[in-house]
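Q: Let me give you the structure first, and then I'll get to my questions.
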Amino acid sequence: MSATSRTTRTGRTGRTGRRRTSLVALALGSSIALAACGGGGFEDDSADEPASSGDGPAELQVLIASSGDAETKAVEDAANAWAEESGNEVEVVVANDIGQQLSQGFAGGNPPDVFYVDASVFGDYAEAGNLYPYMDQLEGADDFYPNLVDTFTLDDQAYCAPKDFSTLALEINTASWKKAGLTDADIPTTWDELSDVAQKLTTPDQAGLVLGIGRDRVGAFLVQNGGWWVDADSGEATATEPSNVEALEYVQGLLKDGSAVLAPDVDAGWGGEGFGTEKAAMTIEGNWIRGAMENDYPDVDYTVAELPEGPAGKGTLLFTQCYGIAADSPNQEAAVSLVEALTTPEQQLKNADAFGVMPSRESAQADYVDQFPEDAPFIAGGDYGQGPVNLPGLGPVVADLDSQLEQLKTADVTGILESFQKNADAELQ
Amino acid sequence: MSRSSSIRTGQARAGWAFVSPTLVVLGLFLAVPVLMALWVSFTDWNGRGSPFASGTGFVGLDNYRELVGEQGGLTRSDFMTSLRNNFFYVLLVVPLQTAFALFLALVLNQRMLKGVGFFRTAFYFPSVVSSVAISLVFLFLFSGGGVINTLLDAIGIDGPTWFNDSRGLLHLLGDGLGLWNASAPPSGLTDGGVLGLTWWDWLAGPSVALSVIIMLVVWTTAGTFMLMFLAALQDLPLEVEEAARIDGAGRWGVFRNVTLPHLRPTMLLVTTLGLIGTWQVFDQVYVMTKGGPGKTTLTPAYLSYSYAFDNQKWGIAAAMAFVLFLIIFAMTTFQRFLFRDKDAIETKRQERRTRRLRARSAAEGGTAS
């Protein structure tokens, strides 16, 4: 017993020494590995130089967040056609989680060359220097809706070409409309008329209007009243302006007198579900509602109208994505040429046909309305719509706003706006 | 002597050779990323290029100050909300899943039970099904017009809209008991507060939405822990139990004084694994609620993910991860302290005392001779 313990003890001193050396070795090893990772960063700097051009065909990678097979196929076809014509190679990759995959690419210094950028993350990407501004090289760049280009503009620099867009409009259940004794002449064009028809449409089984929760729906009322959460030009928050308070109070009034409900109140995930299940006679949603109604609620007849005008005129919200080109891409010239091919009016009309999005070029508007006359109220919003809050760093602030707007019916409107203002000011200063 | 030491050196070299693949893999995929994340938590890295590149600024403890410091605005209140949610979550899930698992294991361990294999598989089944799949099923079960509410309706209860209900259970409980009115909370609780949340917010308890996630997790994890308990129970010799019976212990007495003490190491394992797992809950939140309604299912793990990948605030996200690590570390240490084997410690102490006494007496004997 005592003998063994003695040998262990003598053995231990030797082993501790050895253990220390190996620990040092491990630490050295990991610091070398860390340094190697760091090296990758310095190499990036060379990639920042303008793209190489003309030395052989480029191999482009395009990362898209596809809405389905139809969109994937449309993008693949267009990209392959461009590749064939220009002699380059293109690979279209459909992302599972585009935010995460792009982050990996940006951090690793090898992002895809062309990728979708949603308007709500644009500011962060642009500020971090991940995006290559190419609008001045794009042919026909002034043909895009100015509101859309503004959405992808930071510090007076337009970065990327809008892929397509969607707007909000008012959807009306035809049967309920008739049952309430309303005619085409009654389609609301002002806030008062909206309150009026919402009240007339409200029955014990059906609310007049169902609204999805969050800033992406009530925001339209702010625009109609001449307000907005932030001023993109000055980069300041403007939430506490009286126009915003009035707009939210108007919506709150509708909710309080029961002529409007929020989607969760009627057990719906979004406005379209509450509308499709006929728990409400009207909703405010974008053109994506077409597909949902066709697939899930084919028996519900409805018409679409432009959103009513507020005291400050027409207003709606724009939702859009752009084709971003990576600042680290070695094939920027080829990438710009690919984006040009993907955004021609012809291609945009093909996309509209394939997966129901609206062209972002004004020159395609007339043809689009010819093809889809019933979508005229949606595309009209392209002229007066407002894009999402795109200032960098505001993600958590607008998420907090959304969470507070869940309680819009009972909440203190001024309190919501003040807390947004305070949080946004802290982030933007 | 020198010969034996050279043999030993050879052994050590061989030993290192054998473990080196594991060390390299662990170092590369565990130590290096953790160290990198630690570095990121001290910088303002914006996700572009390597965090060690020259453009990344070192900001010291700023990110940590945003999380817990006085000037932390929304970030701090988000983080504290997530800690509050996760705290109530842990407080309910760990005891419930442990008790449930133990109960299932005791049921399966009865010698009279027929078809043990079937039940064991049935109870274990939720644990091997993908948590994403189960989450989706729960989304349907607990939707406002879903199966659960239809069943509740049948017995005359008007069920809540589960995943859309942000009301806290403690708020509701206090309201039900007449302690306060949840729609007009007492000003004593709403006026004061600490770390960016009012006392009223801290005391909300898990929201209705979070309690659905709690039920789900208890149900899915109990199977795994049941197996651990079952294995330990089957180690308990029958004779010990019979001897206790002969000594006059009843069923409850045997359970309390024989079975439970025997299960202590397993209990420590189960609660420790449970504690670590529950503080890191992510999948269910990501699939079912994304932190809503009203941020009541926000957890630190999900918040960290969202700050990093949705908002490019990598430094703050990494800092959150390390604060979470410290919390888990502190709590598991405390738990080990609670579960320490007091008898064993006492035995060791006595042994040491005896040895000291013996040494002293030997020394005295030496001087005497």
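No value in this document is a laboratory result; all are computed from the given coordinates. Quick caveat, the model's predicted, so the values are computed rather than measured. Because the Cβ atoms are built from the backbone with ideal geometry, glycine has one as well, and the counts that use them run over all protein chains shown.
Q: What whole number of Å gives the distance from the Cα centroid of the range B:226-255 to the Cα centroid of the range A:149-165?
A: 72 Å
Q: Based on Cα positions only, what radius of gyration and what Dmax would you give for the range A:60-157, in angstroms?
A: For the range A:60-157, the Cα radius of gyration and maximum Cα-Cα distance read 14.3, 37 Å.
Q: With springs only between Cα atoms under 10 Å, which of B:219, B:200, B:252 fluctuates most in a Gaussian network model of chain B?
A: Checking each option, the largest mean-square fluctuation is seen for B:252.
Q: Let me ask something else. Give me the percent relative contact order of the range B:174-253, please, defined on Cα pairs under 8 angstrom at least 6 residues apart.
A: Relative contact order for the range B:174-253 comes out at 10 percent.
Q: Under the classification rounded if a/c is under 1.5, otherwise prolate if a/b is larger than b/c and oblate if not, where does chain B fall, given a ≥ b ≥ c as square roots of the Cα gyration tensor eigenvalues? Don't skip to the answer; put the middle values down first.
A: Details: a/c = 1.78, a/b = 1.21, b/c = 1.47.
Here chain B falls in the oblate category.
Q: Where a ≥ b ≥ c are the square roots of the eigenvalues of the C-alpha gyration tensor, would you call the range A:290-429 rounded, which needs a/c under 1.5, or, failing that, prolate if a/b is larger than b/c, or oblate?
A: oblate
Q: Right, next: Averaged over peptide A:261-269, how many Cβ atoms belonging to another chain are found within 10 Å of each residue's Cβ?
A: Working: counts 0, 1, 1, 8, 3, 3, 8, 4, 5.
Mean number of neighbouring Cβ atoms from other chains: 4.
Q: Follow-up question, since we're still on this one. So who's got an amide H within less than 5 Å of the one on residue B:205, skipping anything under 5 residues away but keeping other chains? H placed 1.01 Å off N, in plane.
A: B:170
Q: Mind checking which of B:79, A:149, B:54 is farthest towards the positive end of the protein assembly as shown's charge dipole, using Cβ charges of +1 (Lys, Arg) and -1 (Asp, Glu) about the Cα centre?
A: Farthest along the dipole direction, towards plus: B:79.
Q: Across the residues of B:72-78, average count of Cβ atoms on other protein chains within 10 Å? Show your work: numbers first, answer last.
A: Details: counts 1, 8, 11, 5, 0, 3, 5.
For this peptide, the per-residue mean of nearby foreign Cβ atoms is 5.
Q: Residue B:199 versus residue B:364, label points 7 Å from Cα toward the beta carbon: distance in nm?
A: In this crude label model, residue B:199 to residue B:364 measures out at 6.1 nm.
Q: Additional query: What is the distance, in nm, between label points placed 7 Å from the Cα along the Cα-to-Cβ direction at residue B:290 and at residue B:246?
A: 6.7 nm
Q: If you take every residue apart from residue B:66 with its C-beta less than 12 Å away from the C-beta of residue B:66, what net charge results, scoring Lys and Arg +1 and Asp and Glu -1?
A: -2
Q: Can you work out the Karplus-derived ³J(HN,Hα) for every residue in the range A:154-165? Use 6.51 cos²θ - 1.76 cosθ + 1.60 with θ = phi - 60°, whole Hz, and x for glycine or proline.
A: 10, 6, 6, 10, 7, 9, 9, 7, x, 6, 5, 7
Q: Quick check: Cα centre of the range A:76-116 to Cα centre of the range B:155-210, how many Å?
A: Taking the Cα centre of each part, the range A:76-116 and the range B:155-210 sit 48 Å apart.
Q: For helix A:413-428, report the angle its Cα long axis makes with the longest principal axis of the Cα atoms of chain A; keep it between 0 and 90° and round to the nearest 10°.
A: Result, in degrees: 30.
Q: Just tell me how shielded B:305-315 is by partners: mean number of partner chain Cβ atoms within 10 Å of each residue's Cβ, no decimals.
A: 5
Q: Further question: Efficiency by 1/(1 + (r/R0)^6): what FRET value for residue A:410 and residue A:192, r their Cβ-Cβ distance, R0 = 22 Å, to the nearest 0.05?
A: The calculated FRET efficiency here is 0.40.
Q: As an exercise, use a Förster radius of 60 Å and the Cβ-Cβ distance of residue B:151 and residue B:356 to find the FRET efficiency, rounded to the nearest 0.05.
A: 0.35
Q: How large is ³J(HN,Hα) for each residue in the range A:100-114, as worked out from phi by the Karplus curve 6.51 cos²θ - 1.76 cosθ + 1.60 (θ = phi - 60°), to whole Hz, x for Gly and Pro?
A: 5, 5, 5, 4, 4, x, 4, 5, x, x, 10, x, x, 6, 10
Q: Then there's this: Between 0 and 90 degrees, rounded to the nearest ten: what's the tilt of helix A:332-342 against the longest Cα principal axis of chain A?
A: Long axis of A:332-342 versus the principal axis of chain A: about 30 degrees.
Q: Mind checking which of A:218, A:176, A:132 is farthest towards the positive end of the range A:106-239's charge dipole, using Cβ charges of +1 (Lys, Arg) and -1 (Asp, Glu) about the Cα centre?
A: Value: A:176.
Q: Using the Cα centre of the protein assembly as shown as the reference point, and only Cβ charges (+1 on K/R, -1 on D/E), how large is the resulting charge dipole? Debye, rounded to the nearest 20.
A: Here the size comes out at about 9140 debye.
Q: Between residue B:343 and residue B:118, what FRET efficiency follows from the Cβ-Cβ distance if R0 is 41 Å, with the result rounded to 0.05?
A: Efficiency for this residue pair is about 0.60.
Q: Using the crude model of +1 on Lys and Arg Cβ and -1 on Asp and Glu Cβ, and no other charge, please compute the dipole size for chain A relative to its Cα centre, in debye to 20.
A: Dipole size: approximately 3240 debye.
Q: Going by the alpha-carbon gyration tensor, a ≥ b ≥ c the square roots of its eigenvalues, is the range A:291-331 rounded (a/c under 1.5) or, if a/c is not under 1.5, prolate (a/b greater than b/c) versus oblate?
A: Numbers: a/c = 7.01, a/b = 1.53, b/c = 4.59.
In terms of gyration-tensor shape, oblate.
Q: Which of these, B:30, B:263, B:197, has the largest mean-square fluctuation under a Gaussian network model of chain B (Cα springs below 10 Å)?
A: B:30
Q: Ok, one more. Most exposed first by the Cβ proxy, i.e. fewest other Cβ within 10 Å, how do B:165, A:192 rank?
A: Fewest-to-most Cβ neighbours within 10 Å comes out as A:192, B:165.
Q: Enumerate the residues in the range B:99-115 having an amide nitrogen under 18 Å from the point lying 7 Å beyond the Cα of residue B:238 toward its Cβ.
A: From the range B:99-115, the list is B:106-115.
Q: Shifting gears a bit: Rounding to the nearest 10 and keeping the result within 0 to 90°, find how far the Cα-based axis of helix A:242-256 lies from the longest principal axis of chain A.
A: It is inclined by approximately 70 degrees.
Q: Starting from the 7 Å offset along Cα-to-Cβ, what nm value, one decimal, do you get for the label separation of residue B:125 and residue B:330?
A: 4.2 nm
Q: Place the peptides A:314-324, A:344-354 in order of packing, highest mean first, counting for every residue the other Cβ atoms within 10 Å and averaging per peptide. Show your work: numbers first, answer last.
A: On the way: A:314-324: 25.3, A:344-354: 18.2.
For the peptides A:314-324, A:344-354, the packing ranking is A:314-324, A:344-354.
Q: Trypsin sites (Lys or Arg not before Pro) within the range B:258-338: which are DSSP loop residues with at most 15 other Cβ atoms inside 10 Å?
A: Listed in order of number, the matching sites are B:290.
Q: Checking understanding here: applying a Kyte-Doolittle mean of at least -1.0 and a length along the axis of at least 24 Å (C-alpha), which whole DSSP H helices in chain B pass?
A: B:2-26, B:74-108, B:208-235, B:314-339
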